[in-house]
Amino acid sequence: MTPIIISTTQSSLICISVNIEIIISTTQSGLILFCFFSRTDVAAVTPWLAPIVWEGTFDPDLVDTIYKSMNITIATTVFAVGKYVRFLRDFLETAEKHFLVDFNVRYYVFTDRPDDVPSVNLSQGRHLSVIQVPGSNRWQEISARRMEIIQTAIERQISREADYIFCLDVDSKFHARWGAESLGRLVAVIHPWFYQATRDHFTYERRPASTAYIPMDEGDYYYAGAVFGGLLEEVYTLTKVCRNQLEEDARNSIEAAWQEESHLNRYLLYNKTSKLLSPEYQWDDKKTKTKEVKVIRFSSVVKNYAEIRPNV
């Protein structure tokens, strides 16, 4: 069947046929073609026509080849504060096996325990920078300061060293291929505990006094704060806006329900993603795998919060 054009924007042209979506995007580097195959058991496109990336909806070799020709570098930030530094070795070692393999990757480890950062063998084109940050007696404060710290790091260092960036949680590990299909202008992941839920069950910040407030009748998805990324300038804007909102809330003695995750959800409600990652890219090891999830690429590991957090 001849593809039917269903959407055009300033930056992309989207065509859909019976079983394939073709997205042609223009970037500073030129024209890029992406093919996303349909799956009938899951939603493979958002209401604003951004692809939702599931196993079976893309050609991994094709997508990787396109991006490798661009000679890009992907920054990857991770926070290993306090006892969370114990998760760093597994995170890095599994990333070297599965995360954007054969791409240029720069890891930025934010920690208050630089001496505890493990020595991990990195492949060619992969680098690790350790950036010391203060600890805290409250995990909520550590969480709330992530946006500020990432924004500052982009300004001072990362902007000179990378094209794309992913911000990931350290208490997680990689299990399977995570490739260039994940790259886009602005990217987030559907939270594994809410991808089958309706928005009235989303744990958005519901107090109007908070800058993270989302009314009950609004919202598209519930996004996990453990994974977000995109072009460096897009993520810089995201972190700057969320930081300003977090600081405004703090001045008003308000702490959003889920700290930076609440502000991330507010930001993405009004600044739509160009690509959305399925829960394959942020599973939870406490959750039983469902039939829709053909492969788990990255997951949050089971842990005892009472033991690793300074307060519970």
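Throughout, read-outs are computed from the coordinates displayed, never taken from laboratory work. Just so you know, these numbers come straight off a predicted model, no measurement behind them. Heads up, the Cβs are rebuilt from the backbone with ideal geometry, glycines too, and the neighbour counts pull from every protein chain shown.
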TODO: For Lys294, list the aspartates and glutamates whose Cα falls under 13 Å from its own Cα; do not include residues on the same chain fewer than 8 positions away.
DONE: Asp41, Glu55, Glu280
- [ ] Starting from the amide H of Phe228, placed 1.01 Å from N in the peptide plane, find each other amide H under 5 Å away whose residue is 5 or more places distant or on another chain.
- [x] Cys167
Task: Simple spin-label estimate for Thr65 and Asp115 in nanometres, 7 Å along Cα-Cβ - done: 5.1 nm
Task: Local electrostatic count, Thr152, Cβ distance below 12 Å [Lys/Arg +1, Asp/Glu -1] - done: +3
Open item on the list: Let's test the formula: R0 of 22 Å, r as the Cβ-Cβ distance of Lys97 and Val301. What FRET efficiency results, to the nearest 0.05?
Closed with: 0.90
- [ ] For every other residue with a beta carbon closer than 12 angstrom to the beta carbon of Gly56, add +1 if it is Lys or Arg and -1 if Asp or Glu, then tell me the sum.
- [x] -4
- [ ] Mind giving me the nanometre distance, one decimal, between the label points for Met216 and Thr203, set 7 Å out from Cα along Cα→Cβ?
- [x] 2.0 nm
TODO: Per residue of the range 220-235, in order, report the coupling 6.51 cos²θ - 1.76 cosθ + 1.60 (Karplus, θ = phi - 60°) as ³J(HN,Hα) in whole Hz, putting x for Gly and Pro.
DONE: 9, 9, 9, 8, 7, x, 6, 9, 7, x, x, 4, 4, 5, 5, 6
Task: Gained length - Ser159 relative to Ser129, 0.36 nm times residue gap less alpha-carbon distance - done: 9.4 nm
Task: Which listed pairs, of Lys83/Lys173; Lys83/Lys303; Lys272/Lys303; Lys68/Lys289; Lys97/Lys240, have C-alpha distances above 22 Å, in listed order - done: Lys272/Lys303; Lys68/Lys289; Lys97/Lys240
Task: Cα shape, the range 79-127, gyration tensor, a/c 1.5 rule - done: prolate
TODO: Rank-order 88-94, 189-195 by packing density, defined as the average count of other C-beta atoms within 10 Å over each peptide's residues, highest first.
DONE: 189-195, 88-94
Task: Peptides 41-48, 77-84 ordered by average Cβ neighbours within 10 Å, highest first - done: 77-84, 41-48
